[in-house]
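Below is one structure; the comments refer to it alone.
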Amino acid sequence: MAAISTAPAGAPTETPPVPPGRAARRRKLVPYWLLLPGILWLLVFFVAPMVYQASTSVQTGSLETGYQVTWHLATYWDAFKEYDLFYLRSLIYAGIATVLCLAIGYPLAYTIAFKAGRWRNVLLVMVIAPFFTSFLIRTLAWKTILADDGIVVSVLDKLHILNATAAIGLTSSDRVLATPLAVVCGLTYNFLPFMILPLYTSLERIDPRLHEAAGDLYARPFTTFRKVTFPISLPGVVAGTLLTFIPASGDYINAELLGSPSEQMIGNVIQSKFLTVLDYPTAAALSFMLMAVILVIVSVYIRKAGTEELV
Amino acid sequence: MTQQTTAPAEPQASAASGGAVTLTGISKTWGDFTAVQPLDLTIPEGSFFALLGASGCGKTTTLRMIAGLEEPTAGTVRIGDQDVTGLPPHKRPVNTVFQNYALFPHLDVYENVAFGLRRRGIKSVKKQVEDMLELVELGHLPRRKPHQLSGGQQQRVAVARALINRPQVLLLDEPLGALDLKLRRQMQLELKRIQTEVGITFVHVTHDQEEAMTMADTIAVMNAGRIEQLGAPADLYENPTSTFVANFLGQSNLIEAQVTGSSGDDLLLSVGDGRLTLPTARSAATAQIGDKVLAGVRPEKISIAHADDAATVPDGRNKITGRIIDASFIGVSTQYVVNSPWCPEFAVFAQNVERDTRLTPGTEVVLHWNPAHTFGLDATQDIEAGEVSA
Amino acid sequence: MIVLNWLHWIRRHLVVFAAIAALFYMTIPNVIVLIFSFNQPKGRFNYSWNHFSLDAWTHPCDVGDMCTSVSLSLQIAVLATIGATILGTMVAFALARYRFRGRAPVTGLIWLPMAMPEIVMGASLGTLFLNMRIQFGFWTILIAHIMFCLSFVVTAVKARVMSMDPRLEQAAQDLYATPTQTFLRVTLPIAAPGIAAGALLSFAISIDDFIITQFNAGPSTVTFPMFVWGAAQKGLPVQVNVIGTLMFLVAVLCVVAGQLLGRTRKARS
């Protein structure tokens with residue numbers, strides 16, 4: 001029969017503890033070996049350039065004579081004074097585009113998650129597939145859609161909407177292209193999938209029975225949405241707005257292709273300083289400030305939205 | 001004993017292929033938390049052994065140390081004659097049926113079952129796999145993926161996948177936890193049948209006392225990292241040695257009593273103005289006259305009589321008077337809760353042979369039982385230990 | 001009465017109408033790209049309809065270096081995908097399967113490139129290469145692409161590995177698989193969909209990237225997006241629309257084929 005005796009707690013046992021051994025120590029190193037190449041890549045080609053750029057932004061000199069670190073902080077002040085309007089415009093355009101993306105994307109994500117039934121996969125493909133055509137080509141297509149002699153402009157004109165939008169500075173009185181509306185429209189279009197996919201992921205996890213339960217507990221459909229669905233989808237909303245706002249605020253393609261010089265964003269300035277004017281310290285200072293502004297806005301936003309589930 | 005890589009194809013192997021498991025001073029701690037107190041335990045070859053306890057009592061940790069999935073803080077694990085303490089899981093002659101089965105989702109039933117054989121370099125697995133699938137009655141579904149099987153079928157695949165390797169010991173971690181009640185009963189009998197057929201040592205971890213009692217030859221009741229008591233199911237049930245076992249394994253009425261004397265093989269106890277008799281041999285506490293002791297009796301051993309019939313109760317039986325506060329009719333029996341001045345909420349299960357319809361709540365009654373069914377426990381313990389809170 | 005019912009129906013399906021409008025907004029540019037691939041424009045720009053022609057489809061490579069740029073983009077995308085998938089999968093396994101010191105900063109470092117406007121990353125990496133006097137070209141583009149694809153692979157693979165039951169690996173070890181066999185036979189096959197998703201995402205991001213590429217390309221390395229950018233300034237050939245439409249069709253075909261494959265596999269078992 002089985003024999004048993006439980007030794008009193010704390011009594012020394014005769015068998016020594018198992019030694020950790022070399023195998024265990026080697027096992028401890030495994031995660032570091034796995035991380036090494038990837039993290040090294042990011043350190044060398046992502047972190048180091050950031051640091052390097054920070055130092056470039058306080059250098060003076062020219063391409064011919066070479067650059068020296070002179071702690072020339074005036075570069076920042078000069079750049080900001082000269083281009084503050086561009087920063088403001090970038091943030092406003094990106095903000096409007098983000099709100100529009102949420103307004104357009106939420107019903108679509110909601111429909112795919114709860115109402116699509118067997119069409120769910122087809123709709124998802126329809127959201128993702130356009131992506132595979134180069135976004136520059138698709139952005140250029142908006143030139144055709146919004147062309148001065150196109151349907152959109154003539155309809156808006158007939159309905160006298162253009163006059164109204166011109167009054168608040170969104171468009172000019174006879175055209176949409178080369179106006180703020182065209183740029184915002186392009187930004188919204190370009191970053192819409194970045195909004196829809198996180199929204200869909202967070203909505204899809206919601207058990208449809210929660211809707212029934214809310215209905216059973218006397219909530220009207222809209223109350224159900226306000227009190228149950230939307231709060232649960234909040235992580236998706238936060239992720240989606242960030243994934244839209246951050247790239248939109250640094251974008252220069254929509255302003256370049258669909259706007260005129262008076263719609264230029266900060267991205268356009270950095271791009272031309274870097275690639276055309278070759279004023280590297282100013283380009284570095286401008287992009288550093290853009291990064292700082294975005295980091296501040298994002299961290300305030302995350303705290304306000306009260307969610308940390310982003311990664 | 002070495003693993004036989006070219007074992008005969010018949011799953012009905014010789015009855016003595018199991019190995020004994022010997023744990024010596026084994027313990028497991030994580031920082032300040034002690035999951036398993038140092039314990040010595042021998043599980044005999046070929047037995048069906050159950051580790052029974054509530055969640056967090058250390059039973060699963062003990063099992064995982066046998067499997068090699070957890071490294072003991074101290075102590076040794078031996079299987080048969082071999083010390084396996086330092087061996088990784090894949091070098092131990094044991095196999096595990098995991099909680100929720102852990103079937104490989106990307107492999108079908110056949111490949112799941114063949115997995116262990118292939119890893120040991122066995123080329124022709126067809127016959128063995130087919131025979132094993134027959135044994136668990138899944139011969140018709142070899143190409144199904146795990147997610148296409150019912151819970152009971154998945155469970156049988158998990159058993160087949162482990163057994164095909166002819167381990168010396170099969171470890172089962174709550175193998176029936178995910179099944180519904182009816183299927184669980186059915187699988188209990190099935191597992192018992194398979195164990196008898198293959199004769200391998202089974203070590204079974206469960207929190208379900210009925211499951212443990214149905215299947216195991218020997219049960220070890222674990223609590224807070226220790227083994228409270230070990231023995232055959234009936235022995236544990238009839239002779240609990242601690243309040244935890246008395247309450248966890250079935251239900252017990254425990255009465256705090258004082259030892260007033262002895263007579264022959266019996267101890268005489270007093271409870272208020274009543275008298276009880278307790279066989280000395282059935283007392284786990286060595287009590288002197290004047291000491292307190294807990295007298296216990298199982299609810300189904302008690303007879304219940306209307307107070308008007310008190311005179312009909314034969315002499316020499318332990319008697320307690322009280323008043324019914326609740327009666328629930330559950331078909332085969334009626335369960336009464338009786339309040340008596342010295343022991344509140346006494347449980348009584350009465351078979352519905354000739355039901356006395358006068359026994360309704362509020363009725364004064366006499367409870368009586370054969371003194372031989374009384375057991376004695378040390379009064380210094382927590383009287384409510386191991387009670388299943390409703 | 002009927003009108004009321006009708007209004008009620010519209011109100012109940014309002015969200016669906018909004019969704020259809022959103023889908024329309026998202027797909028209309030692709031339709032335009034398709035239609036205008038059959039255009040024969042009057043001037044150098046392909047913005048307004050002139051008359052139908054199959055020229056662009058029959059002679060897709062007739063414009064300058066467009067097809068060279070497509071092949072360059074494909075080469076870079078394939079190599080960047082391979083590099084980012086290998087490095088990213090390794091990091092993902094370390095994060096999902098091990099506890100180690102320095103987890104938090106590593107997680108932060110992975111997250112940062114996704115939370116950074118492309119222009120900031122592109123400009124800073126370009127500054128570094130410039131000052132190190134490294135020749136801009138194929139390799140600088142490839143390095144940049146691997147850098148920003150890495151995080152996406154890590155995220156995709158990590159999610160998959162984290163949702164995997166650790167008992168599966170324990171079961172494999174219990175069934176005599178050595179650590180290597182456990183990885184090859186159980187962990188890797190189960191993580192495969194996550195790795196595939198990460199790789200696909202890398203490919204899509206890399207082949208379509210413009211901003212970071214523009215800051216790290218040399219004068220002779222023109223990727224397809226850079227070709228389009230240049231053309232948009234000088235004159236847009238119709239062939240660009242042909243390539244755009246082909247990309248769209250290939251992608252849809254892949255998705256449909258994948259779905260059908262999954263369905264037949266399910267039906268067979």
Count neighbours as other Cβ atoms within 10 Å of each site's Cβ, and list the chymotrypsin sites (Phe, Trp or Tyr not before Pro) in segment A:215-311 that are DSSP loop with at most 12 such neighbours. A:218
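Mind grabbing the interface size between A and C? I mean buried accessible area, both sides, 1.4 Å probe, in Å² to the nearest hundred.
Buried area (both sides, nearest 100 Å²): 7100 Å².
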Loop-only check: which chymotrypsin sites (Phe, Trp or Tyr not before Pro) in segment C:131-218 are DSSP coil with at most 13 other Cβ within 10 angstrom? none
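Give the ranking of C:182, B:260 by solvent-accessible surface, highest area first, calculated with a 1.4 Å probe. Could you put the intermediate results ahead of the total?
Working: C:182 5, B:260 70 Å².
These residues rank, largest area first, as B:260, C:182.
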Out of every Cα-Cα pair in the protein assembly as shown, what percent are more than 48 Å apart? 47 percent
Each residue of segment C:144-161 in turn: what ³J(HN,Hα) in whole Hz from Karplus with 6.51, -1.76, 1.60 and θ = phi - 60°, glycine and Pro shown as x? 5, 5, 4, 4, 8, 7, 3, 4, 5, 4, 4, 4, 5, 5, 4, 4, 5, 5
Can you run phi through the Karplus equation (6.51, -1.76, 1.60; θ = phi - 60°) for segment B:219-235 and list ³J(HN,Hα) in whole Hz, with x for Gly and Pro? 10, 10, 8, 10, 8, 6, x, 10, 8, 6, 7, 9, x, 5, x, 5, 4
Rounded to the nearest 500, the 222 nm mean residue ellipticity computed for chain C from DSSP H runs (n ≥ 4, each -39500 (n - 2.57)) alone is -24000 deg cm²/dmol
1/(1 + (r/R0)^6) with r = Cβ-Cβ of residue B:308 and residue A:226, R0 = 56 Å, i.e. FRET efficiency to nearest 0.05, evaluates to 0.25
Highest GNM mean-square fluctuation among A:269, A:238, A:155, for chain A with Cα springs under 10 Å, belongs to A:155
Connecting every pair of Cα atoms under 10 Å apart in chain A and solving the GNM, the largest mean-square fluctuation among A:104, A:112, A:151 falls on A:151
Tell me, what is the per residue accessible area of segment B:251-378 in Å², probe radius 1.4 Å? 50 Å²
Please identify the GluC sites (Glu not before Pro) of segment B:139-242 that satisfy two criteria: DSSP loop assignment and at most 12 other Cβ atoms within 10 Å. Which are they? none
Amide proton proximity set for residue B:223, modelled H, under 5 Å, gap of 5+: B:228
Tilt relative to chain B, helix B:181-198 - C-alpha long axis, 0 to 90 degrees, to 10: 60 degrees
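For chain A, what is the calculated [θ] at 222 nm in deg cm²/dmol (nearest 500), taking -39500 (n - 2.57) for each run of four or more DSSP H residues and dividing by its residue count? Please list the in-between numbers first.
Details: 14 runs with 200 residues, N = 311.
Value at 222 nm, helices only: -21000 deg cm²/dmol.
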Placing +1 on each Lys and Arg Cβ and -1 on each Asp and Glu Cβ in chain C, then taking the dipole about the Cα centre, the residue among C:9, C:116, C:214 whose Cα reaches farthest towards the positive end is C:9
What would the Debye equation give as log₁₀ I(q)/I(0) for segment A:74-305 at q = 0.16 Å⁻¹, counting only Cα atoms as equal point scatterers? -1.17
Report the label-to-label distance for residue B:370 and residue C:2 in nanometres (one decimal), using points 7 Å from each Cα along the Cα→Cβ vector. 8.7 nm
Pick out, from A:293, A:111, A:247, the residue whose Cα sits farthest towards the positive end of the charge dipole of the protein assembly as shown, with +1 on the Cβ of Lys and Arg and -1 on the Cβ of Asp and Glu. A:247
Acute angle (nearest 10 degrees) that the helix A:135-145 long axis makes with the longest principal axis of chain A, alpha-carbon atoms: 30 degrees
With charges only on Cβ, +1 for K and R and -1 for D and E, what is the dipole size of chain B about its Cα centre, in debye, rounded to 20? 1760 debye
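Can you give the mean number of other chain Cβ atoms that lie within 10 Å of the Cβ atoms in peptide C:87-93?
Numbers: counts 9, 2, 2, 8, 9, 2, 4.
Per residue, the average neighbour count from other chains is 5.
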How many square angstrom of accessible surface are buried between C and B, both sides summed, with a 1.4 Å probe and rounding to 100? 2100 Å²
Given a 1.4 Å probe, how much area per residue of segment C:66-221 is accessible, in Å²? 37 Å²
1.4 Å probe, heavy atoms, protein only - residues of segment C:10-42 losing at least 40 Å² accessible area vs chain alone: C:15, C:19, C:22, C:23, C:25, C:26, C:29, C:30, C:32, C:33
Size of charge dipole - segment C:66-221 - debye, nearest 20, with Cβ of Lys, Arg +1 and Asp, Glu -1, no other charges: 460 debye
For the protein assembly as shown, with the dipole built from +1 on Lys and Arg beta-carbon atoms and -1 on Asp and Glu ones, taken about the Cα centre, which of B:55, A:87, C:95 lies farthest toward the positive end? A:87
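At 1.4 Å probe size, with every protein chain present, just tell me what the per residue accessible area of chain A comes to in Å². Don't skip to the answer; put the middle values down first.
Details: 15720 Å² over 311 residues.
Per-residue accessible area for chain A comes out at 51 Å².
Okay, helix-only estimate at 222 nm for chain B: each DSSP H run of n ≥ 4 adds -39500 (n - 2.57), divide by all residues, round to 500 deg cm²/dmol; what do you get? Numbers along the way, then the final one.
On the way: 8 runs with 80 residues, N = 390.
Theoretical 222 nm ellipticity from helices: -6000 deg cm²/dmol.
If you place +1 on the Cβ of every Lys and Arg, -1 on the Cβ of every Asp and Glu, and leave all else neutral, what size is the dipole of the protein assembly as shown about its Cα centre, to the nearest 20 Debye? Please list the in-between numbers first.
Values: 74 positive and 72 negative charges, 554 e Å.
Rounded to the nearest 20 debye, it is 2660 debye.
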In whole Å, how far is the Cα centre of segment A:29-83 from that of segment C:99-141? 10 Å
If one takes the longest principal axis of the Cα atoms in chain B, at what angle in degrees, from 0 to 90 and to the nearest 10, does the Cα axis of helix B:109-119 lie? 70 degrees
Roughly how many whole Å is it from the C-alpha centroid of segment B:181-252 to that of segment A:189-228? 47 Å
Are any of the pairs A:115/A:227; B:28/B:91; B:91/B:127; A:28/A:304 more than 28 Å apart by Cα-Cα distance, and if so, which? A:28/A:304
Partner lysines for residue B:182 [C-alpha distance under 19 Å; skip if fewer than 8 residues away on the same chain]: B:192
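Please report, as a whole percent, how much of the solvent-accessible surface of the protein assembly as shown comes from carbon and sulfur atoms (probe radius 1.4 Å). Show your work: numbers first, answer last.
Values: 27570 of 45100 Å².
About 61 percent, which is the carbon plus sulfur part of the accessible surface.
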Output row B,A: buried area (accessible, probe 1.4 Å, summed both chains) in Å², nearest hundred, equals 1400 Å²
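Considering Cα pairs under 8 angstrom that are at least six residues apart, work out the relative contact order of chain B and quote it in whole percent.
Details: 828 pairs, mean separation 63.2, N = 390.
Relative contact order of chain B: 16 percent.
The values are calculated or read from the model by the stated rules, or taken from the named source; none is laboratory data. What you see is a predicted model, and the numbers here were worked out from it, not measured in a lab. As a convention, Cβ positions derive from the backbone with ideal geometry for all residues, glycine included, and neighbour counts pool all protein chains shown. SASA here: full protein model, heavy atoms, side chains in, ligands and nucleic acids out. Shrake-Rupley method; radii C 1.70, N 1.55, O 1.52, S 1.80 Å.
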